[in-house]
1. For the chain, list log₁₀ I(q)/I(0) at each q in 0.10, 0.13, 0.18, 0.19 Å⁻¹, using the Debye formula over Cα point scatterers of equal strength and ignoring solvent, two decimals each.
2. Stretched out fully, how many nm does the piece from Asp68 to Gln115 gain, at 0.36 nm a residue minus the Cα gap?
3. Which semi-axis lengths, in whole Å and largest first, follow from the square roots of five times the eigenvalues of the Cα gyration tensor of region 25-73?
4. How high is the relative contact order of the chain, given as a whole-number percent (alpha carbon pairs under 8 Å, six or more residues apart)?
5. With every protein chain present, what is the per residue accessible area of the chain (1.4 Å probe, Å²)?
6. Which value, in Å³ per residue, describes the convex hull spanned by the Cα atoms of region 1-55?
7. Counting pairs of alpha carbon atoms under 8 Å apart in space and at least six apart in sequence, what relative contact order in percent does region 107-156 give?
8. What accessible area, in Å² to the nearest ten, does a 1.4 Å probe give for Glu55?
Amino acid sequence: MNEWIDELSDLTAGGVRVVVVTVAGIRGSAPREVGAKMVVTASATYGTIGGGQLEYQCTRIACDMLGDEETPALRKFPLGSAMGQCCGGVVDILFEPIATALPPWLRDLRALHGQREAAVIATDLRGKSGKSVITADDVYGTPEAATPDVVARAREGLGSGRTAHRIDDWFFENVVGTDLN
């Protein structure tokens, strides 16, 4: 489930530009759950967000973003006949270009994953504050980005059983824990 952490860490540590593509919201029927990820490089993809036209279009968009700064973009995709998808729902997809070699939040997340410590990634969808990794006791990555309200919401999610959810302009994703692989 969290194989993307090691793959993304290895790629960015090697200086490879990537875009992380995440299912950030679903209304109706969709091929994958909220939190499903795909890592896109100029020459390969790792993981899946459900295949078909949705994945094809998202891969194309991600490839176009490979040279961009590290500003996330949230896009909505209706999954109907016009897209060649039969699901009929609507999916919000988060695109996150990563141009930095092993960003601090990812380095910290990988360490926490190795220790199997429960954590939540908090991502500012406006791209203003960056990304933080929040545990029950600490804030990693970009700690100055996490306001007390963001930290409180992330910590509420630690024990909620939710894998990922959106609140206002923030996306919270439980990614590490003793019950996760």
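1. So the normalised log intensities are -0.36, -0.62, -1.21, -1.34.
2. Extra length from Asp68 to Gln115 when fully extended: 13.7 nm.
3. Values: eigenvalues 81, 32, 18 Å².
Square roots of five times the eigenvalues give 20, 13, 10 Å.
4. The normalised contact order for the chain reaches 23 percent.
5. For the chain, the solvent-accessible area averages 46 Å² per residue.
6. That works out to 76 Å³ per residue.
7. That works out to 30 percent.
8. About 30 Å², rounded to the nearest 10.
The values are calculated or read from the model by the stated rules, or taken from the named source; none is laboratory data. As the structure is a computational prediction, the values presented were derived from the model and not from experiment. Neighbour counts run over all protein chains shown; Cβ positions are idealised from the backbone, glycine included. The protein model used for the area step is the full one, side chains on, heavy atoms only, and it has no ligands, DNA or RNA in it. Shrake-Rupley method; radii C 1.70, N 1.55, O 1.52, S 1.80 Å.
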